[in-house]
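Engineer: Submitted below is the structure of interest, expressed as C-alpha cells.
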C-alpha cells in the first residue's frame, strides 16, 4: 500500500502505549491512594494501620464540617441555577439570531472566565465587592453566590450552546409560522430537545461551584467557609485522614453526577 494512502493512527506510534499508561497512572494513582487512606485506622497519611471508618464518622459528627458542607451545597445549587438560566438565554441569543457584527466579541466575553487565570478573576471580584461592602456594610452570602454564578456561566453555556447548534432550527421556525408565541415555541419545541444540554450545563456548573477554592477564598467573609476552603485551612494545620474522607465524599458526588448524566443521556437517546 502506498505511504500516501495510509491513514495516520496515533495508537500505532512507537511508545504510545507506554506514554498513555504513564499518564493514567500519574492521574489516577494519587486518587486511588487518597481513597484508600481515607479508610486508614491510624492518623498517618502514609502508613497503613488497618481498615476503619472512624474518619468518616469523625467528619460526619464534626459541626464545622456540617456547616461548611451545607453552605457548599446551598451555594452550588444557587450558583448553578442562576448560571444555567443565564447560559440558556445567552445560548439562545447567540445561536437563534442572524449573524451580526460583534458576535465573536460577545462569545469571548461570555467565555472570559475560561481564558483569564482564576486568580485574576478572584482578585478583581475581591476589589469590586470590597467597595460594595464598604458602601453598604453588607457581608452576607450573596457575594459568593454572585461570584460563583458569574464564574460558572461559561461552563453551563458551552454544552447548552453545543446542543442548540445540533438541533433542527426548522422545527422552531415551523412553530413560529403557525403563530406560536416565542415562549410557547420554546417550551413546546425547543426545551424538550434542549433539556439534556441544560442538565449537562447545570451539573457542570454545580460541580465547578462545589469544588471552587480560589474565588471562594478571596470573596468569602468571616464564618463563610465552604467545604473546600475548610479543607484548605485544615491542610495548613495538620493533615489527617479526615481530610481524605471529605475528599473521597466530594469525589463520589462528582462521579455520581457524571454517571447520572451519562445514563440520562442514554435514556433520552
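The values are calculated or read from the model by the stated rules, or taken from the named source; none is laboratory data. Every value quoted in this text rests on a predicted model; they were computed, and no experiment measured them. Here the Cβ positions follow ideal geometry from the backbone for every residue, glycine too, while neighbour counts run over all protein chains shown.
Engineer: Taking the options 157, 143, name whichever one is surrounded by 13 or more Cβ atoms within 10 Å (Cβ to Cβ), closer than 27 Å to residue 71 by Cβ and under 16 Å from the mean Cα position of the chain (by Cα). Let's see the steps before the verdict.
Structural biologist: Working: 143 fails: under 16 Å from the mean Cα position of the chain (by Cα).
Matching residue, one of 157, 143: 157.
Engineer: So which residues in region 166-194 are touching a helix residue (DSSP H, G or I) at 6+ places or on another chain (Cβ under 9 Å), within 21 Å of residue 263 (Cα to Cα) and free of Cβ contacts under 8 Å to residues at least 40 places away in the same chain, if there are any at all?
Structural biologist: Matches in region 166-194: 166, 167, 191, 193.
Engineer: Something else now. Taking the options 91, 122, 81, 76, name whichever one is over 16 Å from residue 145 (Cα atoms), surrounded by 14 or more Cβ atoms within 10 Å (Cβ to Cβ) and modelled with pLDDT of 85 or more. Before the answer, list the steps.
Structural biologist: On the way: 122 fails: over 16 Å from residue 145 (Cα atoms); 81 fails: over 16 Å from residue 145 (Cα atoms); 76 fails: over 16 Å from residue 145 (Cα atoms).
Unique residue meeting the criteria: 91.
Engineer: Do we find that residue 108 is surrounded by 13 or more Cβ atoms within 10 Å (Cβ to Cβ) and over 22 Å from residue 223 (Cα atoms) in this structure? Don't jump to the end; show me each part of the working.
Structural biologist: On the way: surrounded by 13 or more Cβ atoms within 10 Å (Cβ to Cβ): no; over 22 Å from residue 223 (Cα atoms): yes.
Taking the combined requirement at face value, the residue does not satisfy it.
Engineer: Could you check how many residues of region 26-60 are surrounded by fewer than 13 Cβ atoms within 10 Å (Cβ to Cβ) and closer than 24 Å to residue 209 by Cα?
Structural biologist: Number satisfying all stated conditions: 5.
Engineer: Of the residues 94, 139, which is touching a helix residue (DSSP H, G or I) at 6+ places or on another chain (Cβ under 8 Å) and assigned to a loop (DSSP other than H, G, I, E, B)?
Structural biologist: Details: 94 fails: assigned to a loop (DSSP other than H, G, I, E, B).
None of the other options fit; the residue is 139.
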